[in-house]
Amino acid sequence: MAWKTIEYQNGKVTLIDQTRLPGEIKFVTTSDYRVIAEAIRKLRVRGAPAIGIAAAFGVVLGAMEYQEASDLPKEIEKVIAELAGTRPTAVNLFWALNRQKAVLKSAGSKSNVELIALFEAEAKVIAAEDELINRRIGENGAALLKDGMSILTHCNAGALATGAYGTALAAIRVAVEQGKQISVFADETRPLLQGARLTVWELMQEQIPVTLITDNMAAFVMSLGKVQAVIVGADRITANGDVANKIGTYGVAVLAKEHKIPFYVAAPLSTIDLSLKTGAEIPIEERSAEEVTSFGGVTVAPAGVKVYNPAFDVTPAKYVTAIISEYGVAKGDWEKTFKEWRKRSEK
Ligand code: MRU
């Protein structure tokens, strides 16, 4: 790829502005953590792992800004609280901020300069780890994808949503690298069109065959036998295997079951939230009415209409064929497998 979703250099974070894609490749460079918080809120940077990485670097920028503060830890706590208030559903945001909180906790009586260096090192590790994790997810996921398969995906769980190759799209990328003929159906993903704008853009750059459909076409496309597997990412997975992902994912999972098509979820261990038993406990972000009442900047609904705009839905575990992480492939027995993965990660 000729671009990177998030880059950090010498106290500055550079993000590709995903709200401008595919029309314009524009980067935001900042040393202000508030700009990072705003970028997360506005979806300039989006996708669960990418949000986590951006927030981890946001803490670094905040620490640098308050370098001279007499109580840096107190300032950092405020910075973390602001970043944590941006989006509620993707648990990777809180996971990354908790890693920075752990740095703060273990820092003892370090000087401000030393503390900043520790935050910076941790954020760099989070970003570097994500690249390796993407690769492992790609390898584990590719093993499920056979030569000649056509795969449907929803939203964007690609390079733009992570630090490197993506999660769902990493599986497709690795399968293609292995010489398999893979083609993709991308749901456009209303209301913000992450499928049409981002997934299609990413795949076309790599010449991976992709066909764009609107969300309401998925059932018919499946009924024609044109899809052999579904693979999506996740924003939060609970102990019982329920999966929160972009709104519309649940419908795709139900359709996949009806058509006897495997429904795969690819996500890093950091997306699994063992503190929640079921998907009913996941906070679901609701976004502005304008996202629904307009399309491409043009208003398409009568002014004043009542709107409900949940950004995510929860797919019950019974519709999930397998969850692919960097630790392997779980096919049921969710909590037990997740705990085994967690144990391995702590070694
Ligand atoms: O609102 P978004 O664009 O941040 O939603 C993103 C998704 O739902 C992705 O599928 C998910 O974060 C997984 S990204 C690897």
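Every number here is computed from the coordinates shown, using simple stated rules; none is lab data. Bear in mind the structure is a predicted one, so any value in this text is a computation, not a measurement. Note that each Cβ is placed from the backbone with ideal geometry, even for glycine, and that neighbours are counted across all protein chains shown.
Positive end of the dipole of the range 132-235, charges at C-beta (+1 Lys, Arg; -1 Asp, Glu), about the Cα centre: which of GLN181, GLY195, ALA159 has its Cα farthest in that direction?
So the residue furthest toward the plus end is GLN181.
If neighbour count is taken as other Cβ atoms inside 10 Å, put LEU169, LEU224 in order from fewest to most.
LEU224, LEU169
For ILE40, what charge total do you get from the other residues with a beta carbon under 14 Å from its beta carbon, if Lys and Arg give +1 and Asp and Glu give -1? If you can, show how the numbers build up before the last one.
On the way: positive: ARG34, ARG41, LYS42, ARG44, ARG46, ARG87, ARG287; negative: ASP17, ASP32, GLU38, GLU82, ASP235, GLU285.
Net charge around ILE40: +1.
What's the extension gain from GLU286 to LYS343 if we count 0.36 nm per residue and subtract their Cα-Cα distance? Walk me through the intermediate numbers first.
On the way: separation 57, 0.36 × 57 = 20.52 nm, distance 3.40 nm.
Between GLU286 and LYS343, full extension yields an extra 17.1 nm.
Using helices alone, what [θ] at 222 nm do you get for the chain, with -39,500 (n - 2.57) per DSSP H run of 4 or more residues, divided over all residues and rounded to the nearest 500?
Numbers: 11 runs with 136 residues, N = 347.
Taking each H run of at least 4 residues, the total per residue is -12500 deg cm²/dmol.
Using 0.36 nm times the number of residues separating ALA219 and THR299, minus their current alpha carbon distance, what extension gain do you get?
On the way: separation 80, 0.36 × 80 = 28.80 nm, distance 2.74 nm.
Going from the current span to full extension adds 26.1 nm.
Please work out the FRET efficiency for the pair GLU177 and SER109, using the Cβ-Cβ distance as r and a Förster radius of 30 Å; give the result to the nearest 0.05.
0.05
Report, in listed order, any pair from LYS42/LYS277; LYS260/LYS318; LYS146/LYS226; LYS226/LYS260; LYS180/LYS246; LYS277/LYS318 with a Cα-Cα distance greater than 23 Å. List each step's numbers first, then the result.
Numbers: LYS42/LYS277 30 Å; LYS260/LYS318 13 Å; LYS146/LYS226 14 Å; LYS226/LYS260 12 Å; LYS180/LYS246 28 Å; LYS277/LYS318 15 Å.
Checking Cα-Cα distances, LYS42/LYS277; LYS180/LYS246 exceed 23 Å.
For the peptides 149-156, 128-135, what is the packing order when you average, over each peptide's residues, the other Cβ atoms within 10 Å and list the highest mean first?
For the peptides 149-156, 128-135, the packing ranking is 149-156, 128-135.
Rank the residues VAL243, VAL79, VAL227 as a footprinting-exposure proxy: fewest other Cβ atoms within 10 Å of their Cβ go first.
VAL227, VAL79, VAL243
Which whole-angstrom value gives the distance between the alpha carbon centres of the range 59-108 and the range 254-290?
27 Å
Which of the peptides 250-257, 293-300 is most tightly packed, and how do the rest follow, going by the mean number of other Cβ atoms within 10 Å of each residue?
250-257, 293-300
Taking the Cα centre of the range 6-134 as origin, sum charge times position over the Cβ atoms of Lys and Arg (+1) and Asp and Glu (-1), and report the length of that vector in debye to the nearest 20. Walk me through the numbers on the way to the answer.
Working: 16 positive and 17 negative charges, 81 e Å.
Magnitude of the dipole: close to 400 debye.
How large is the dipole of the range 152-230 about the Cα centre if only Lys and Arg carry +1 and Asp and Glu carry -1, each at its Cβ, rounded to the nearest 20 debye?
Dipole of the range 152-230, to the nearest 20 debye: 80 debye.
Evaluate the relative contact order of the chain (contact order divided by residue number), counting alpha-carbon pairs under 8 angstrom at least 6 apart; express in whole percent.
The normalised contact order for the chain reaches 15 percent.
Roughly how many nanometres apart are two label points built 7 Å out from the Cα toward the Cβ at THR19 and THR211?
Between THR19 and THR211, the label points sit 3.4 nm apart.
Helix 48-65 sits at what angle to the longest principal axis of the chain, using alpha carbons and giving 0 to 90 degrees rounded to 10?
Long axis of 48-65 versus the principal axis of the chain: about 10 degrees.
State, as an integer percentage, the relative contact order of the range 192-347 based on alpha-carbon contacts under 8 Å between residues 6 or more apart.
That works out to 26 percent.
On C-alpha positions alone, give me the angle between the axis of helix 249-258 and the longest principal axis of the chain, in degrees, nearest 10.
Value to nearest ten degrees: 30.
State the extension gain, in nm to one decimal, for the chain segment bounded by GLN67 and VAL254, taking 0.36 nm per residue of separation less the distance between their alpha-carbons.
The span from GLN67 to VAL254 would gain 62.2 nm if fully extended.
Within the set of other residues whose C-beta is less than 14 Å from the C-beta of GLU122, count the net charge using Lys and Arg as +1 and Asp and Glu as -1.
+1
Once Lys and Arg get +1 and Asp and Glu get -1 on their Cβ, which of VAL329, PRO283, GLN228 lies farthest toward the positive end of the dipole of the range 206-347?
About the Cα centre, the residue reaching furthest to the positive side is VAL329.
Please give the FRET efficiency for SER31 paired with ALA102, using the beta carbon to beta carbon distance and R0 = 25 Å, rounded to the nearest 0.05.
E(calc), rounded to 0.05, equals 0.55.
Once both labels are modelled 7 Å past Cα along the beta-carbon direction, what's the MET204-THR278 spacing in nm?
That separation, rounded to one decimal, is 4.3 nm.
Would you list, by chain and number, the lysines whose Cα falls below 24 Å from the Cα of LYS110, excluding same-chain residues fewer than 8 positions away?
Correct list for LYS110: LYS12, LYS74, LYS78, LYS101, LYS124.
With only Lys, Arg, Asp and Glu charged, each at its Cβ (+1 for the first two, -1 for the last two), find how big the charge dipole of the chain is about the Cα centre; round to the nearest 20 debye.
620 debye
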